[in-house]
Amino acid sequence: MTHRSLRLLLLGALGVAFSLALAACGDGGVGAATPAAAPSSPPVPVFPSDPPRTFKPSSEPATHQSVARACRTADTSATITLQPDLSKGSTQVALVQLTNKSKNNCAVNGRAAISLANAAGDTVDVTTSNVNEPGKAVRITLRPGTSAFEGIKWTTCDKGDASCPAGNSLRFNLDAATDGSFAKLSAFPPGEASDITMKSLRIGTLQPSRQGVVAW
């Protein structure tokens, strides 16, 4: 084989190899690795949103117990009972029972003022002092028909003496120091005698029970 023939044979082989290479590039190449697809993310669950809340004022009544208003003189009645067993010499003792006669609760905290009145219904001036006996005053809520109690003590005098205050009835008052409504008297001298004499008067505090109220 001549050199010319060998050269032509090599050129032909190179041409075939080149053609095969071009074909492989054109169709992506035989056996070429296919790029892997990126893994897909799992679907995110979608939850419905809560509906907007609407706040409305409650129609339920308040649970706090209302505070009873203060008792007035007109809301109450009083019975004053003389205590002969506790009265000694010129010192007289009586129990005051103050009762709520209204249809509503009311409260007392302190004492009912007591004053002496004469046959004409006029207030008689008596030296009066308030004492924390049998103890300090406490707030007491009186339901209709219920009572609170206080003790009073006074020093008697000779009604023949012009300076001796004398009368035949007693008033009670929650709104002022004198006057007010007339109390019902029990075990006192008859009114027509005007034998209630008071040189000085001491008034104790209202308590929820009569026990010990006059023991001072």
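Read the figures in this text as sums done on the coordinates, not as results from a lab. Being a predicted model, the structure only gives us computed values, none of them experimental. Please note: Cβ atoms are built from the backbone with ideal geometry, for glycine as well, and neighbour counts cover all protein chains shown.
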Q: Could you tell me whether the stretch 160-174 includes any residue that is hydroxyl-bearing (S, T, Y) and without any contact (Cβ under 8 Å) to a residue 24 or more places away in the chain?
A: yes
**Q.** Residue that is nearest to A78 (Cα to Cα) [pool: residues in the stretch 165-202 that are of a type in the set (S, T, N, Q) and out of contact with any helix residue (DSSP H, G or I) (no Cβ under 9 Å at 6 or more places or on another chain)]
**A.** S186
